[in-house]
Amino acid sequence: MLLAQSVPSSSARGLRLDAGRFTVVAEARDARLARTLLTAAQANDTFPGLPRPRAHVLIAVAPTADRFRQWVGPNAPEWGAAIAIPDEQRLVLQGGRAGSDAGDPVVVLRHELAHLALHEWMGRLPPRWFDEGYASVAAGEWTRDEAFETSLTMVWRTLPSLERLEDGFFAGASEATWSYAMAYRVVSELHALDPVNGLSNFFRDWKTTGSMEKGIRHAYGMTGEQFEVHWKARTRRRYGALSMVTNLSAVFGLFGVILLPLYVGKRRRDRQKIEAMRAQDVAQEAAARASALQALLDAGSESGPCRAPWSVGIVRDDFDR
């Protein structure tokens, strides 16, 4: 993340580590993190398409969130985990007490160093969207693609022009996340246009002419408008169907969560109704048997105590003989 504001000189208090073109300052409790950052910065100090940076870089590790905001100033977005100040070749990162949303500190460091390297070579030519997209590509932030894979807006949303892409970084955290992802996609597609030279020729032609449009024309043989059509088509082809499938799965899953209790409740009520009907049938059958038995007993009572209907017939047969 970029910020055109300096870190107070007091940020250099405490532990100081120097190696190569890097200086890391931190409090003692962040000593291990400071050493890790210094090692990572030295081990991977080249950036796609750019000459090896030479400017000295100060990396300040803020011990607390309050100190981070103090060093960064009031203009930093609320979602910022680290800040690069290109004009001063300085970085401010959150220390070991940062929350999980601050990300992997080594990846974050790489992202911010990419800002500084790009600014060192290209000056103020790159717009904000390109700066952020390039830093994400340089840091290998593959998770940027998740915004496309899981966003239902990919199904119908119109991808913005490169000119309008800039606006999303100033429209809140949610829109900024979408803009970071789009910027990452644009720079990735630019890099992929030349499998051999990547962004090298593009940066050279852009810097020489002072025009991104001319840089694209000279390096890739297409106009800026043609490139916009290209990256949008590639993005929709790659992520549109996946986004639809992912979100339909989520929708069906949601319906399952909602409908499953209703289905279970209906099955329970149906079982209760069936059991009640069975109990009613059993009661009716018992009542019918009891009624038939009572009718038989009543008929026997009407014929007298010792004369059943069949005994009368026997007496008559004997009399006739």
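Working from label points 7 Å from Cα in the Cα-to-Cβ sense, the R234 to R97 distance is 4.4 nm.
Could you sort the peptides 209-222, 103-116 by per-residue average Cβ neighbour count (10 Å cutoff), highest mean leading?
Values: 209-222: 16.3, 103-116: 21.3.
Result, highest mean Cβ count within 10 Å first: 103-116, 209-222.
Taking the fewest neighbouring Cβ atoms within 10 Å as the starting point, the ordered list for T223, T23 is T223, T23. Straightening the chain between E225 and R278 buys 11.6 nm, computed as 0.36 nm per residue apart minus the Cα-Cα spacing.
The order of V187, V25, going from fewest to most other C-beta atoms within 10 Å of their C-beta, is V25, V187.
Between region 119-133 and region 10-74, what's the alpha-carbon centroid distance in Å? If you average the Cα positions of each part, the centres end up 21 Å apart. 3J(HN,Hα) couplings calculated from phi for region 114-128 with the Karplus curve 6.51 cos²θ - 1.76 cosθ + 1.60 (θ = phi - 60°) are, in sequence order, 5, 4, 5, 5, 5, 5, 4, 8, 9, x, 9, 5, x, x, 4 Hz; Gly and Pro show x.
Available extension along the chain between E88 and L15 is 24.2 nm, counting 0.36 nm per residue and deducting the alpha carbon span.
Taking packing as the residue-averaged number of other Cβ atoms within 10 angstrom, the listed peptides 132-139, 268-275 run from highest to lowest as 132-139, 268-275.
Bear in mind that the values in this text are calculations on the coordinates, not laboratory data. The structure presented is a predicted model; accordingly, all values stated were derived computationally and were not measured. In this analysis, Cβ positions are derived from the backbone assuming ideal geometry, glycine residues included, and neighbour counts consider all displayed protein chains.
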